[in-house]
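Below: one structure, written as structure tokens.
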Amino acid sequence: MPGVRRARAAHRTRRGGVALSITTIGALILGLLLGVPAAYADEYPSWDDVQAAKANESAASAEVTRIQGLIASLTQNVADTKAAADAAGAEYFTAQQAANAQARRADDLQTQADTQKKIADDAASKAGQIAAQLSRDGGDTTALQLFFSKSTENKDELLQRLGQMDRVLAGTQAIYDRALEAKNTAQSMTDQATSARTERDRLAKVAQGKLAAAQTAAQAAQAALADQQTHLGVLQAQLAALQDTTAKTVAGYQEGEAVRAAAAAAAEAQRLAAAEAARQSGGGGGGSSGGDTSGSSGGGWSGSDGWVRPFGGYQSSGYGYRVPDCNASGCSSSFHEGVDLADGSCGSPIYAAHSGTVTMAWYYGGYGNYIRIENNDGTGIGTGYGHIDYGGFNVSPGQWVNAGQVIAYAGNTGGSFGCHLHFEVYQDDYPINPINFMENRGVYMG
């Protein structure tokens, strides 16, 4: 489809250029969380200060310098805390991916162990059936015990005594040998699976620690951004007033700032109304708030039990093992933990697949800008939404969202090869096949 360059989730091993260590600016984050931003919040000038300074050239110059410093400090706070949040998100992503990979390894080993155990049980059962038949035919259980003793001498003696049963006995011994080998293999695989689960649990704890750091860093970044949004416009207007040599009054600048703030609020309200209208009309290819979704590729379509298709378009990459895509920037993962949906453009609405609480809404390594929603229904189910556009978040951590609500807008952030949504379903913090999960609830991802 035009506009989508093989839109598959890349999930590259690189970290997207984030090089800052969290510890290098930990003090800044702590300060923000404690309410002590570097922009000297208790020293912001009032309009009365500006009015007084305008009356004196020297005072005006000093106030200009101070305001310029405050503006620079606000801007630097946003940049620093965002970089720290991105680094923390990348570290959490790397840690969680390691835990997920170890969980898959443990499951694979256990599956192999279970398969080998079944082979051993089946073989032992067959050998037992033959032995029982021999016992009924010959009545000599001692001979049967000698047969299973693994002694070549006794085996030869038994073969001589049983005469024409030699072919059956040879087959029984082969079955017994296979059973013993399968049993030993099953035990070895079980031991490895146990070790893998222990390592999985260790890595999960590491990931939880990284999650806590990412949450702290994201809160600090949001605090810095809020501080900037609160004060930057006023500071810029005050600076303009001080630098303006015309007869325009400070009151005029205040009025202009009020108009600007009102316009910004109106624009945000308009954006939210447009998003809601898109949700009601189905967005991303059309849809409705109810009805069967069979054959539909539109985002916002509802299935059963309150589940909704999170995005429009087509499925560009499924769940599970795959051949990685590569370009000059890196390669995609060999195991895809979600499903990719692409409609050919950035900016299309992303819908909450189910009602719940937003627990993540920040940069998350290879998944780029990312949202996670916990369903809070006691099932341990959660959903994840990756590669959200820059500035495309429509919700924040801690917020309750309803199924079908527009939560974000699709982008090409993180390890992505084109604008699309990477959608995941979690069971007890580990990704499961979202295609099967959603189809079981009447929502089709094809």
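The values are calculated or read from the model by the stated rules, or taken from the named source; none is laboratory data. What you are looking at is a predicted structure, and each value in this text was computed from that prediction instead of being measured. Because the Cβ atoms are built from the backbone with ideal geometry, glycine has one as well, and the counts that use them run over all protein chains shown. Heavy atoms of the whole protein, side chains included, go into the accessibility calculation; ligands, DNA and RNA do not. Shrake-Rupley method; radii C 1.70, N 1.55, O 1.52, S 1.80 Å.
Overview of results
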item	result
Cα→Cβ-extended label distance, 7 Å offset, between D107 and T379, nm	1.7 nm
Length added when fully stretched, E439-T249, from 0.36 nm per residue minus Cα-Cα	62.0 nm
Sites A240 and A262 - FRET efficiency at Förster radius 22 Å, r taken between beta-carbons, to 0.05	0.75
Residues of region 385-443: accessible area per residue with a 1.4 Å probe, Å²	33 Å²
Region 355-404, relative contact order in percent, only Cα pairs under 8 angstrom and at least six apart counted	44 percent
Label-point separation, S46 to A72 (7 Å along Cα→Cβ), nm	2.8 nm
